[in-house]
Amino acid sequence: MEREEKLTGQLSRDMQYLNGALDVEKNFDVIYRVINIGGREACMYLVDGFCKDDLVQKLLQYFMDLTPDKMPEDMHGLSKQFTPYVEVEIEDRCGVLVDSLLSGMFLLLLDGYEKALVIDSRTYPSRGVEEPEKDKVLRGSKDGFVETIVFNTALIRRRIRNSDLHMEMLNAGKSSKTDIVLCYMKDRVDEDFLTAVRRKIQSIQVDALTMNQESLAECLYQRKWYNPFPKFKYTERPDAAAAQVLEGNIVILVDNSPSAMILPVTIFDVLEEADDYYFPPITGTYLRVTRFLIAILTYVLTPTFLLLVNNEGWIPDSFSFIMLKEEPNIPLIWQFLILELAIDGLKLAAVNTPNMLSTPLSVMAALVLGEFSVNSGWFSPEVMLYMAFVAIANYTQSNYELGYALKFLRILSLLLTQWFGLWGYLGGYVIAVLAVCCNRTVSHRSYIYPLVPFDWKNLKNRLIRRRLPGAAEKK
């Protein structure tokens, strides 16, 4: 039947349509029950596990106590006068009713009424709002987003009590009909960019957002396959999401995803972390600058070492200790490439290792990739040292995509340095600089703003942790 078909008011015909559309005889969790309300036959529909049992029981008890002389003329009157609940709607489009039921709402149909009562009594299985594993901070709040979108919007509302905060509900996916919330401050957001994002979400033509936010991100922004730099920032912290909203950015929440997607973002936004603002300005500035410098070191360290080892005459006497103590059995370039691959293998193993086995795996990895690999002659101690620094330093910033972007550029610089010497080394830096500078945000602005176009005031705020707005001045 067509999606635009409407209820007729004849209960048997309406039930026949809904029973066929929902295939209630095979779907054990779709519950329907025929009851009597005020002398009229009625039918209720709900999905087991989505509705609050005690609430549905109280509503049914209230409805079944109605007498024929109290029954209103239509469903509108019933919803206004005799429905003791807050979130109530009336609907007559059969397709919308099916979608509402499958999203967890409670439906009530009465014989002779051409509209159905839709009660939003749904509740989803969810975990507690404990601190996220990935976005931990030493200070600050310890709550985090969960997989239920209503809880996530409430966590942001709790922090921004302003009528200009808008939570706009959309959905995407022909089969999944995934709920998507646009969260923004009406008086601070870029209206043109907001309209463009809203239009893109509404025009998404996919069957389902199978990978939640990543599927949505790929639908919103069709970036080139060779561009590894992150175009979105993800956070599981409500305080970080609220701060981005107050700065005029758009936060997108996707149902079933325990993180918020922030856009547009520059390279400076990606490198920022919540800990910068939970410490005094001087400490926050130190942490931020340290993170910037370590991110650069993870890229330049190993190519620079390879260049110097291949050109021993360029090493000053004061730095002669960096030279290899023993002649390597395997060329250095292959040692670096093998270790780059091995480190990723250890990461994947750690993700898929049960907690009870994580300690033995760590011990084995330390022995195999540490002492045994050096003693066996596969790797030089100096190479192991520098790659260990790179592996650990990658965790100084939380953005996973940025870490891999630096990794790909580092591997490219290693190869160019090995093949072309100094010119390849310099060419790798040129490619890295161009990859960052020529990049664009999803709003088609500079990826390195406020560096280009230059804005000293904004750049100073990015590099130096300033006193928070509204902080009391010392008198």
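Looking at G104, G112, just one residue is in a loop (DSSP other than H, G, I, E, B), buried (at least 16 other Cβ atoms within 10 Å of the Cβ) and modelled with pLDDT of 85 or more, and that residue is G104.
Scanning segment 410-451 for residues that are in contact with a helix residue (DSSP H, G or I) (Cβ under 6 Å, 6 or more places away or on another chain), open to solvent by less than 20 Å² (accessible area, probe 1.4 Å) and either of a type in the set (V, I, T) or not in a loop (DSSP other than H, G, I, E, B) (or both) returns R410, S413, L414, T417, G424, G428, A432, I448. The residues of segment 115-142 that are assigned to a loop (DSSP other than H, G, I, E, B), in contact with an Asp or Glu (Cβ under 7 Å, 6 or more places away or on another chain) and open to solvent by less than 20 Å² (accessible area, probe 1.4 Å), listed by number, are P132, V137.
Residue by residue, here is whether (1) over 22 Å from K200 (Cα atoms); (2) charged (D, E, K, R) holds:
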site: L220; (1), (2): no, no
site: K233; (1), (2): no, yes
site: R237; (1), (2): yes, yes
site: A241; (1), (2): no, no
site: Q244; (1), (2): no, no
site: V251; (1), (2): no, no
site: P258; (1), (2): yes, no
site: I262; (1), (2): no, no
site: D269; (1), (2): yes, yes
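Filter segment 49-104 down to the residues that are among the β-branched types (V, I, T) and free of Cβ contacts under 8 Å to residues at least 60 places away in the same chain, then identify the one that is nearest to N27 (Cα to Cα). Top of the filtered list is V96. Screening V289, V309, V270 for residues that are assigned to a helix (DSSP H, G or I), over 30 Å from L194 (Cβ atoms) and in contact (Cβ under 8 Å) with a residue 40 or more places away in the chain leaves exactly one candidate, V289.
If you go through segment 459-467 one residue at a time, do you hit one that is within 27 Å of Y221 (Cβ to Cβ), surrounded by 19 or more Cβ atoms within 10 Å (Cβ to Cβ) and basic (K, R)? Within segment 459-467, one or more residues are within 27 Å of Y221 (Cβ to Cβ), surrounded by 19 or more Cβ atoms within 10 Å (Cβ to Cβ) and basic (K, R). Could you look through segment 395-409, keep only residues that are hydroxyl-bearing (S, T, Y) and within 17 Å of L301 (Cα to Cα), and pick out the one that is surrounded by the fewest Cβ atoms within 10 Å (Cβ to Cβ)? Of everything passing the filter in segment 395-409, Y395 is surrounded by the fewest Cβ atoms within 10 Å (Cβ to Cβ).
Here K70 meets the list (1) surrounded by fewer than 21 Cβ atoms within 10 Å (Cβ to Cβ); (2) under 24 Å from N19 (Cα atoms); (3) not hydroxyl-bearing (S, T, Y) almost entirely, failing just condition (2). Taking the criterion of being polar (S, T, N, Q) and under 21 Å from S100 (Cβ atoms), would at least one residue in segment 63-73 satisfy it? The answer is no; no qualifying residue exists.
Out of all the residues in segment 57-67, which are surrounded by fewer than 17 Cβ atoms within 10 Å (Cβ to Cβ) and either touching a strand residue (DSSP E or B) at 6+ places or on another chain (Cβ under 9 Å) or part of a loop (DSSP other than H, G, I, E, B) (or both)?
M64, D65, T67
Among residues of segment 250-263 that are under 16 Å from R157 (Cα atoms), those with a Cβ under 7 angstrom from a residue that is assigned to a loop (DSSP other than H, G, I, E, B) and β-branched (V, I, T), sequence gap 6+ or separate chain, pair up as I250/V189.
Residue count for segment 145-161, restricted to those that are farther than 19 Å from N249 by Cβ, open to solvent by less than 80 Å² (accessible area, probe 1.4 Å) and either touching a residue at least 12 places away in the same chain (Cβ under 8 Å) or assigned to a loop (DSSP other than H, G, I, E, B) (or both): 3. If you go through segment 321-341 and keep only what is in a helix (DSSP H, G or I), modelled with pLDDT of 85 or more and open to solvent by less than 100 Å² (accessible area, probe 1.4 Å), you end up with L332, I333, Q335, F336, L337, I338, L339, E340. Any idea which residue in segment 223-266 is nearest to M185 (Cα to Cα), counting only those that are open to solvent by 20 Å² or more (accessible area, probe 1.4 Å) and touching a Phe, Trp or Tyr at 6+ places or on another chain (Cβ under 6 Å)? The selected residue is E236.
All conditions but one from (1) surrounded by 13 or more Cβ atoms within 10 Å (Cβ to Cβ); (2) under 31 Å from the mean Cα position of the chain (by Cα) apply to I35; the one that does not is (2).
Is it the case that D190 is touching a residue at least 24 places away in the same chain (Cβ under 8 Å) and either buried (at least 17 other Cβ atoms within 10 Å of the Cβ) or touching a helix residue (DSSP H, G or I) at 6+ places or on another chain (Cβ under 7 Å) (or both)?
Here the answer is no, as D190 does not meet what is asked.
The values are calculated or read from the model by the stated rules, or taken from the named source; none is laboratory data. The structure presented is a predicted model; accordingly, all values stated were derived computationally and were not measured. Using ideal geometry, Cβ is built from the backbone for each residue, glycine included, and neighbour counts are taken over all protein chains shown. Just the protein is used for accessible areas: all its heavy atoms, side chains included, with ligands, DNA and RNA removed. Shrake-Rupley method; radii C 1.70, N 1.55, O 1.52, S 1.80 Å.
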